[in-house]
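The values are calculated or read from the model by the stated rules, or taken from the named source; none is laboratory data. No experiment lies behind these values; they were computed from the predicted model shown. Neighbour counts are summed over all protein chains in view; Cβ atoms, including those assigned to glycine, are modelled from backbone coordinates with ideal geometry. We work out accessible area using only protein heavy atoms, side chains counted, and drop any ligands, DNA or RNA first. Shrake-Rupley method; radii C 1.70, N 1.55, O 1.52, S 1.80 Å.
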Amino acid sequence: MYNLYSMQRSGNSYKVRLALALLNAPYHAIEIDILRGESRTPEFLAKNPSGQVPLLEVAEGRYLAESNAILWYVARGTSLAPESPIERAEALQWMFFEQHALEPNIGAAYFWLALVRGGRDLQTHALEDWMERGYAALQVMENHLKTHDYFAAGQFTIADIALYGYTHVADQCDYDLAAFPAVRAWLKRVEEVPGFVAMDWAPTAGSELTLATDLAANS
Ligand SMILES: N[C@@H](CCC(=O)N[C@@H](CS)C(=O)NCC(=O)O)C(=O)O
């Protein structure tokens, strides 16, 4: 069973939780509160020098970081991870896009506007750029989704999971999706995939949830 270091309200962590839920894969979730610096402790940095979640312990003492790398790992051999070279490359294309065009803008806006108290005042200088670039990314997605149901391989894949992570919270951090009907229809399609779980869902049956503070208290 995997150990997943994750934060409930982290979109990057949610991508992995969503994939594991869709795959019906049991795992042990360890909640890391990045707002309290729990990803920057010496213990955590020894596991992931980037000091970030999600982080998957794939075997004892062997850790995998980066949400999209984790998605490929957990979904290998399933229909969520396309196998033909071109379809795999298409999925990668959109997952790189997610990391350079979407997550740094909508992800940053979500973190500072929705998660950090007073974050809007701290980031007034950056907000305009996040908005402009986030909308540009949404427009690219809209253009693709006007003629495709999903991002790669003509079916629901980990590329959709990766892009869903932050697109679905865009409306919680000032983005208005009214001008993106194809994106809104795709969000709904993803939510209708059998086994879909929302961001606030936490594993229970067959899986466990541990708080990093409990681990520290018991060690
Ligand atoms: N590119 C990474 C980004 C991970 C990331 O930014 N994680 C955030 C939470 S969403 C984090 O752990 N931040 C804490 C920190 O940087 O101290 C991924 O896709 O996994």
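Expressed as a rounded percentage, what relative contact order does the chain have, with Cα pairs under 8 Å and six or more residues apart?
This gives 28 percent for the chain.
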Exercise for the section: Check cross-link reach from LYS146 to the lysines: straight Cα distance under 25 Å, and skip same-chain residues fewer than eight apart. Expected result: LYS15, LYS188
Practice task
Return one whole number: the accessible area per residue of the chain in Å², for a 1.4 Å probe.
Solution key: 49
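Hey, could you grab the Kirkwood Rh for segment 85-191? Inverse mean 1/r over distinct alpha carbon pairs, Å, one decimal.
Hydrodynamic radius (Kirkwood, Cα pairs) of segment 85-191 is 14.1 Å.
How much net charge surrounds LYS15 when only other residues with a Cβ under 11 Å from its Cβ are counted (Lys, Arg +1; Asp, Glu -1)?
Neighbour charge sum, excluding LYS15 itself: -3.
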Fill in the blank from the handout: Here segment 135-143 yields Karplus 3J(HN,Hα) values (6.51, -1.76, 1.60; θ = phi - 60°; whole Hz; Gly and Pro given as x) of 5, 4, 5, 4, 5, 4, 5, 4, 4
Completion exercise
Quotient of Cα radius of gyration and Kirkwood radius for the chain, i.e. Rg/Rh, equals 0.96
Fill in the blank from the handout: Note, ARG189: beta-carbon cut-off 15 Å, +1 each Lys/Arg, -1 each Asp/Glu, net -2
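At 4 °C and 1.567 mPa s, grab the translational diffusion coefficient of segment 46-100 from Stokes-Einstein with a Kirkwood Rh over Cα pairs, rounded to a whole number in µm² per second.
Values: Rh = 12.4 Å.
Diffusion coefficient, whole number: 105 µm²/s.
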Completion exercise
Taking the reciprocal of mean 1/r across every pair of different Cα atoms in segment 1-115, the Kirkwood radius in Å is 14.9
